[in-house]
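First up is the structure itself, then whatever we jot down about it.
The values are calculated or read from the model by the stated rules, or taken from the named source; none is laboratory data. The model shown is predicted, which means the values in this text are computed figures rather than measured ones. Cβ sites come from the backbone with ideal geometry, for glycine too, and all protein chains shown count toward neighbours. What goes into the accessible areas is simple: the full protein's heavy atoms, side chains included, and nothing from ligands, DNA or RNA. Shrake-Rupley method; radii C 1.70, N 1.55, O 1.52, S 1.80 Å.
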Amino acid sequence: MDRPICGDDNERGTKRKYAGDEHNARDSNKLLTLDGCSISPIVKPESRDDDYYKALYMEEEPDFRLLGQRDSEFKDVLEHGSHLDFGNPKSVMQLTKTLLKLDFSLLVDLPIDRLCPPVPNRHNYILWLKELIDSTSPLHSHSVEPIRQVTGLDIGTGASLIYPLLGCAQRSSWSFIATDVDPKSLAYARRNAKLNNMGHRIRVVGRAMTDCLIPLAELNLETIDFTMVNPPFYTSDAELINLAAQKSRPPNSACTGAPIEMVCAGGEVGFVQRIIDESLVLRERVQWYTAMLGKQSSLEVLIDVLKRHGVTNYAVTAFVQGNKTRRWAIGWSFQSRRPSLSASRGCEPSAGKKILPFPTEATIASWPISQYKSGQLERVVCDTMDNIDLASWIWDSTHSRGIGFAGGNVWSRAYRRERAREKEKGTDVENLYGKEDTNIKTTSSHRLNNWQTTEHGFDHYAFGFSLTVQVSKSMRNHEDHGVIIARWLQGDDHALFESFTGLLRKSMRLR
Ligand code: SAH
């Protein structure tokens, strides 16, 4: 029997209220009389940038009255002009279609008997992926790199094809492979790729239940940049039916997802465990393996599995809608580039910080801006680096940011002693861990870009870092401070980062 499906509330068992009640109506009136425009301003597609996408859905719930004013199809499903009936699958589906159309210029055709994805939650996953990918790019620029071609695999894309569509809409250099096992979903997914003229960037691939989940060999792909999944959640049909029956929803809202979408052996943990198993074979061929999870307990179990396999480069985050609905996400990598702090420790699980990966950022020093002359902090940073036997150190004066690499702990006393002995014997080599002949001590941003695009490949160095000088306001007295931030960019050994930041703190305090 076909069942109407309407989104994550049901999918995951948490209750979310999008009520266009009187309170909402008052708010929207107020907003309208203030400036006559909606809370999410209408931004032309060609002017949409990462900041625009980041700012979407910050409010707890959409203002349905305003959405209705912008889209007549949405207005048609509203009751009393501002109330959306979440018990009616057609209304919920229209909300998804309207948000995709207005905020991303995407068109989707959705079947009534398959999962209808809530846009804000799916968008959050894409925002996190962008941060994960940007902060671990081969060029270490930590900004959008339009020249970087990124390929992702969406495992179980669903009829909506929502993740590939959202990813491609936001990043013109991204492309996707989208798989599913459900013939009906596959047919709709193909249609949705075409509807948005994205057939050449999104390849929809049908799979069998027993096939592997990451079919790189079959697709003739040596490497890809990431995999993503919103896995089937329930362990059995009975669990699906039981949990659906417990929902505090009107009885007519049979919003649970078709069993083929929602049930698999072992539920979400079982599904992601399969991805972990495949990742242990494919290893570096995918830069980031990622998954969304509905339960924090699943996150803890899976982190434990990863740790048991010696994986230390992982990232954890939470996607929060309003203050009620929370999803978790996990990513892991066998490559050595480390993600930003916000991508890797994007939440505080109640299980405690101990389940989070080692922090990749540290404040080294902070001085009131009145106490130093212009350029002084930058000089302190560069002088300190000149005294360390780095394989490479490149200073970008435009962004007050330097990037360094070392073959190992070249600041330790043992290393320095060894170097001095070599010098004495006259057998001094440039650097005991080997040194790039392209070592550039200082450079303009232009020169840095040249260096970056030639890609000398510093990936093999045991340790990579950046040091940034920036101005920020002190929380205590609101005075401007010059702050030096160290970021761990690369390497498997967090002890190197810890000891390096320890050395920097000591040597910069002494000045
Ligand atoms: N990505 C969509 C759908 C998630 S529901 C969204 O977020 O809205 C889970 C999806 O995984 C379903 O479409 C289901 O058909 C698919 N699926 C289940 N087992 C699969 C498998 N072994 N390989 C690929 N897809 C699978």
Taking the stated definitions as given, is Ser82 surrounded by 20 or more Cβ atoms within 10 Å (Cβ to Cβ) and of a type in the set (Gly, Ala, Ser)?
yes
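Just one of Ala343, Ala365 is in a helix (DSSP H, G or I), in contact with a strand residue (DSSP E or B) (Cβ under 8 Å, 6 or more places away or on another chain), small (Gly, Ala, Ser) and surrounded by 20 or more Cβ atoms within 10 Å (Cβ to Cβ); which is it?
Checking each option against the conditions leaves just Ala343.
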Would you be able to tell me the number of residues in segment 148-183 that are of a type in the set (A, V, I, L, M, F, W, C), away from the ligand (no atom under 11 Å from the Cβ) and free of Cβ contacts under 8 Å to residues at least 40 places away in the same chain?
3
Residue tally, condition in a helix (DSSP H, G or I) and among the small types (Gly, Ala, Ser), over segment 160-185
3
How about segment 277-325: which of its residues are among the basic types (Lys, Arg), on the phi < 0 side of the Ramachandran plot and more than 16 Å from the ligand (Cβ to nearest atom)?
Arg285, Lys307, Arg308, Lys324
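Quick one: count up the residues across segment 195-212 that are charged (D, E, K, R) and either open to solvent by less than 20 Å² (accessible area, probe 1.4 Å) or within 8 Å of the ligand (Cβ to nearest atom) (or both).
Just the residues of segment 195-212 that are charged (D, E, K, R), to begin with: 201, 203, 207, 211.
Still in the list and also either open to solvent by less than 20 Å² (accessible area, probe 1.4 Å) or within 8 Å of the ligand (Cβ to nearest atom) (or both): 207, 211.
Total meeting the criteria: 2.
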How many residues does segment 213-238 hold that are open to solvent by 50 Å² or more (accessible area, probe 1.4 Å) and within 15 Å of the ligand (Cβ to nearest atom)?
3
Would a scan of segment 80-92 turn up a residue that is under 22 Å from Ser185 (Cα atoms) and either within 16 Å of the ligand (Cβ to nearest atom) or at pLDDT below 50 (or both)?
yes
Hey, could you check segment 119-147 for residues that are in a helix (DSSP H, G or I) and polar (S, T, N, Q) and say which is farthest from the ligand (Cβ to nearest atom)?
Asn124
Just to verify a result, which residue in segment 256-276, among those that are at negative phi and in a loop (DSSP other than H, G, I, E, B), is nearest to the ligand (Cβ to nearest atom)?
Cys264
Go through (1) hydrophobic (A, V, I, L, M, F, W, C); (2) surrounded by 16 or more Cβ atoms within 10 Å (Cβ to Cβ); (3) at pLDDT below 80 and name the single condition Phe458 misses.
(3)
